[in-house]
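Novice: Here it is, the structure in full.
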Amino acid sequence: MLRGLYTAAAGMVTQQRRHDTATQNIANLNTTGYKQVDSVSHAFPDVLISAMNNGITKPIGRINTGVFAEQSISQYLQGDLIESGKSVDFALDTNLQVADPVTGENVTFDGSGKYTSPQGEVIYRPQAFFTVQDNDGNNLYTRNGSFTVTPTGNVLSAGGFKVLDDQGNPLVLTEPQDNLKVDGQGNLLDPKTGQPSGTKIGISVITKPQELVRDGNGVFHAEDVNTAGIRFANNGDNLKVRQGFLENSNVDATQVTVDLNAAYRAYEANQKVIQFYDSSLQKAVNEVGRV
């Protein structure tokens, strides 16, 4: 009986975390560059139980002790691009591909940006991010291209981080921001000639975006740059920088609302199971005990 209490309690904790994830997504429906988070639940490993009698062990079978919210996975699919008209607002329009190592053809990703090969290998669609740097010199990655320019010409992200160029140096404007022009590759253009000035916005291509860790404030970091396959974008990458646009959140409002209600109902069901066990234990103590 107590085992059932623990199983129901584990279910309540898991559904609480699912509920928290759904509310986080709903709260960020209108957050620029926000990436939806999905909560993944797994069952605890099965336990083999046996009966012991006079030193003799007899296997009974397997029993599961409940579920737990193992991890939260970010969905890096591109959100809608919204025109802002500001010269220091940027969005990334990307369609990066990966060639199948067996056939050499581009793989077909599913709606979540994932491909599973016939051999069971999972491949994620590479993603592009603006590269920023915190005060400790750590490189971070964001899709929020709502930048500002300080009086000294330093370009800062919405979180106050330094925006980097493609050489890994802080991006500094030498012209008024109203004269800022950027082409589709992220090159800053000379306002007089209209030609690339030699400075380019630092856009990082991340081959394995599943290796990124969410930091908050719309930024991510990689524990290991080599494992994540991070490099600066080149002209061969299928991406385009859109000046005067911002990327909206990629949260699916309908789906997260369904997830929210499902988590609530599952939490409520586990709660009633605990109430049932509590009532049964109360009868066992107060009534059966008298007999």
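Novice: Can you run down the residue pairs with Cβ atoms below 7 Å, 6 or more apart or on separate chains, where the first is in region 229-250 and in a strand (DSSP E or B) and the partner is open to solvent by 70 Å² or more (accessible area, probe 1.4 Å)?
Specialist: So the pair list comes out as PHE245/ILE82; PHE245/GLU83; LEU246/ILE82.
Novice: Considering region 131-143 alone, what residues qualify as being assigned to a loop (DSSP other than H, G, I, E, B) and open to solvent by 10 Å² or more (accessible area, probe 1.4 Å)?
Specialist: Result: ASP134, ASN135, ASP136, GLY137, ASN138.
Novice: On to the next question. Say we look at region 195-211 and pick out the residues that are in contact (Cβ under 8 Å) with a residue 12 or more places away in the chain and open to solvent by 20 Å² or more (accessible area, probe 1.4 Å); which of these is farthest from GLY159 (Cα to Cα)?
Specialist: In this case the residue turns out to be PRO196.
Novice: Between LEU260, LEU239, which is at pLDDT 85 or above, within 30 Å of GLN177 (Cβ to Cβ), under 36 Å from the mean Cα position of the chain (by Cα) and not small (Gly, Ala, Ser)?
Specialist: LEU239
Novice: Next question. Inside region 182-224, can you point out the residues that are among the β-branched types (Val, Ile, Thr), out of contact with any Asp or Glu (no Cβ under 9 Å at 6 or more places or on another chain) and under 25 Å from TYR124 (Cβ atoms)?
Specialist: ILE206, THR207
Novice: From the residues in region 199-212 that are closer than 15 Å to LEU164 by Cβ and part of a strand (DSSP E or B), which one is nearest to the chain's Cα centre (by Cα)?
Specialist: In this case the residue turns out to be ILE206.
Novice: Looking at ALA99, ALA128, which one is touching a strand residue (DSSP E or B) at 6+ places or on another chain (Cβ under 8 Å) and open to solvent by 20 Å² or more (accessible area, probe 1.4 Å)?
Specialist: So the residue among ALA99, ALA128 that is touching a strand residue (DSSP E or B) at 6+ places or on another chain (Cβ under 8 Å) and open to solvent by 20 Å² or more (accessible area, probe 1.4 Å) is ALA99.
Novice: Pick from SER157, SER146: which is within 24 Å of GLY229 (Cβ to Cβ), small (Gly, Ala, Ser) and surrounded by 14 or more Cβ atoms within 10 Å (Cβ to Cβ)?
Specialist: One residue alone meets the criteria, SER157.
Novice: Based on this model, can you work out whether ASP237 counts as of a type in the set (Asp, Glu) and surrounded by 15 or more Cβ atoms within 10 Å (Cβ to Cβ)?
Specialist: Taking the combined requirement at face value, the residue satisfies it.
Novice: Next up: Mind checking which residues of region 71-96 are within 18 Å of ASN30 (Cα to Cα), within 18 Å of the chain's Cα centre (by Cα) and surrounded by fewer than 13 Cβ atoms within 10 Å (Cβ to Cβ)?
Specialist: If the condition is that a residue be within 18 Å of ASN30 (Cα to Cα), within 18 Å of the chain's Cα centre (by Cα) and surrounded by fewer than 13 Cβ atoms within 10 Å (Cβ to Cβ), then ASP80 is the only one that fits.
Novice: Further, regarding this structure: If you go through region 280-288 one residue at a time, do you hit one that is touching a residue at least 24 places away in the same chain (Cβ under 8 Å), loosely packed, with under 15 Cβ neighbours inside 10 Å and not small (Gly, Ala, Ser)?
Specialist: yes
Novice: For region 169-183, name all the residues that are exposed (fewer than 12 other Cβ atoms within 10 Å of the Cβ) and either more than 17 Å from GLY153 (Cα to Cα) or free of Cβ contacts under 8 Å to residues at least 60 places away in the same chain (or both).
Specialist: The answer is THR174, PRO176.
Novice: I'm trying to understand the selection: among the residues of region 250-267, which are in contact with a Lys or Arg (Cβ under 7 Å, 6 or more places away or on another chain) and open to solvent by 40 Å² or more (accessible area, probe 1.4 Å)?
Specialist: Result: ASP259, single match.
The values are calculated or read from the model by the stated rules, or taken from the named source; none is laboratory data. In this text the structure is predicted, and so the values were computed from the model without any measurement. Note: ideal-geometry Cβ built from the backbone for every residue, glycine included; neighbour counts use all protein chains shown. Side chains included, ligands, DNA and RNA excluded: accessible areas come from the protein's heavy atoms. Shrake-Rupley method; radii C 1.70, N 1.55, O 1.52, S 1.80 Å.
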